[in-house]
Amino acid sequence: MLNQFFNLMLAAGDGIAPGWYQPVVYVVLGLIVAISIAVVVLVLAQPSQENGLGALSGSAETYFEKNKAKRGEQRMKKLTVILAIALAVLCLIFAILQLISF
């Protein structure tokens with residue numbers, strides 16, 4: 001079944017890539033680079049899970065301040081997971097495009 005899909009995607013056997021191939025490769029590569037940079041920035045921007053020395057000194061955060069910070073952290077975590085999945089899918093698409101390269 002996969003071979004039939006590849007045969008449909010290939011040109012008429014002349015070895016020349018159709019007009020859509022090169023722009024699609026460039027778009028996929030651009031998205032991979034952009035999402036990779038975004039994932040790195042998001043991971044670096046997330047605070048560590050350890051309390052560190054703040055727990056020893058008895059930091060005076062209120063319940064609201066703690067939850068407000070956690071909501072932002074949860075959004076960042078969710079966005080990081082979504083972007084990581086998108087990155088994996090784009091890498092698979094790029095690999096498939098390389099398999100059917102002309």
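Summary of computed values
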{"quantity": "Identity of the residue in region 23-72, over 25 Å from LEU87 (Cβ atoms) and aliphatic (A, V, I, L, M), that ends up modelled with the highest pLDDT", "calculated": "ALA69"}
{"quantity": "Region 71-102, subset assigned to a helix (DSSP H, G or I) and of a type in the set (S, T, N, Q), residue surrounded by the most Cβ atoms within 10 Å (Cβ to Cβ)", "calculated": "THR80"}
{"quantity": "Residue in region 1-22 that is among the hydroxyl-bearing types (Ser, Thr, Tyr), modelled with pLDDT of 95 or more and surrounded by 12 or more Cβ atoms within 10 Å (Cβ to Cβ) present", "calculated": "no"}
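The values are calculated or read from the model by the stated rules, or taken from the named source; none is laboratory data. Computed from a predicted model, the values in this text were never measured in an experiment. Reconstructed Cβ throughout: ideal geometry from the backbone, glycine too, with neighbour counts over all protein chains shown.
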